[in-house]
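Here's the structure we're looking at; comments come further down.
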Amino acid sequence: MQLSVNTEAIIKKYYVPGSLAHDLLLVHSKAVMKLAFKIAKRNPHLNINIPLITQAAMLHDIGVFKTNAPELGCFGSFPYICHGFLGREILENEGLHVISLFCERHTGTGLSKEEIIEKKLPVPARDMLPVTIEEKLICYADKFFSKSSKYPDRPKKPAKILKNLSKYGCRKLDDFNAFVDLFGINYIYDDDVY
């Protein structure tokens, strides 16, 4: 496990404070972090590394600024789907190898090498699937929030998540349902948090 990371300093290095991209990234990342922490507390038997998920939640979308997503204040040259592997490259260059994997492995419910090749996705042809319990948790918590939503810090309902994932095939639905089985879902919308 790597040392404690100043996630705020890393975000400021790549995002202009007060810009749309910066503000949306912070709102989204904090919402994912808050939910991931809540899920970890509700599942003590999983022995989730809290410092790791805190840092990973804040940095999992660091590569978004390199994508062409003007609605998010991002004017890069890459398609949005590339933000995961781009984030991995950024964090590897920062020496954050463990956290960099969260960037690459959270897109959708993860991307398999076969899926990348079959769909001719513009990302490196390698498995980008969540492996560790912490990676699965960040991938799961991320599905509940959208930076392009009117309320990016409010969790989406499962039906909306499943409808969106269904566009990408049955495996995505199965993956999400496996996350539900692993982490639970009923308590996510408790009023004490959202």
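The values are calculated or read from the model by the stated rules, or taken from the named source; none is laboratory data. Just so we're clear, the structure is a prediction, and the values are computed from it rather than from any experiment. So basically every Cβ, Gly included, is an ideal-geometry build from the backbone, and we count neighbours across all protein chains shown.
Looking across L35, L26, L59, one residue alone is of a type outside the set (G, A, S), without any contact (Cβ under 8 Å) to a residue 60 or more places away in the chain and over 16 Å from E94 (Cβ atoms). It is L26. Given the condition of a type in the set (A, V, I, L, M, F, W, C) and farther than 22 Å from V27 by Cα, answer yes or no: does some residue in the range 56-65 qualify? The answer is no; no qualifying residue exists.
For the range 62-79, check the following and say yes or no: at least one residue is small (G, A, S), on the phi > 0 side of the Ramachandran plot, part of a loop (DSSP other than H, G, I, E, B) and surrounded by fewer than 20 Cβ atoms within 10 Å (Cβ to Cβ). The answer is yes; a qualifying residue exists. Screening the range 144-161 for residues that are among the hydrophobic types (A, V, I, L, M, F, W, C) and farther than 17 Å from K38 by Cα and picking the one that is farthest from the chain's Cα centre (by Cα) gives A159.
Name the single residue, out of those in the range 97-118 being touching a residue at least 60 places away in the same chain (Cβ under 8 Å) and not polar (S, T, N, Q), that is surrounded by the fewest Cβ atoms within 10 Å (Cβ to Cβ). Walk me through how you get there before you give the answer.
Step one: filter the range 97-118 for residues touching a residue at least 60 places away in the same chain (Cβ under 8 Å), giving 97-99, 108-110.
Subset that is not polar (S, T, N, Q): 97-99, 108, 110.
Numbers: H97: 11, V98: 17, I99: 27, G108: 22, G110: 21.
Going through the qualifying residues, I end up with H97.
Restricting the first member to the range 68-96 and to residues that are of a type in the set (D, E), and the second to residues that are part of a helix (DSSP H, G or I) and at pLDDT 95 or above, the beta-carbon pairs closer than 6 Å and six or more apart or on different chains are E92/S100. Remark: pairs (first residue in the range 164-189, under 15 Å from G108 (Cβ atoms) and in contact (Cβ under 8 Å) with a residue 24 or more places away in the chain; second residue of a type in the set (D, E, K, R) and in a helix (DSSP H, G or I); Cβ separation under 6 Å; 6+ apart in sequence or on different chains) = L165/K172.
Given the structure, is R171 in contact with a helix residue (DSSP H, G or I) (Cβ under 8 Å, 6 or more places away or on another chain) and at pLDDT 95 or above? When the stated conditions are applied, R171 does not pass them.
Scanning the range 161-194 for residues that are β-branched (V, I, T) and not in a helix (DSSP H, G or I) turns up I185, V193.
Per-residue answers, yes or no, for (1) farther than 25 Å from I62 by Cβ; (2) assigned to a loop (DSSP other than H, G, I, E, B); (3) of a type in the set (S, T, Y):
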site: C103; (1), (2), (3): no, no, no
site: P122; (1), (2), (3): no, yes, no
site: A125; (1), (2), (3): no, yes, no
site: A159; (1), (2), (3): yes, no, no
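What residue, of N93, N164, N177, N186, is surrounded by fewer than 21 Cβ atoms within 10 Å (Cβ to Cβ), closer than 27 Å to N6 by Cβ and not hydroxyl-bearing (S, T, Y)? The match here is N93. In a residue-by-residue description of the range 47-58, the property of being within 24 Å of Y151 (Cα to Cα), small (G, A, S), part of a helix (DSSP H, G or I) and modelled with pLDDT of 95 or more applies to at least one position.
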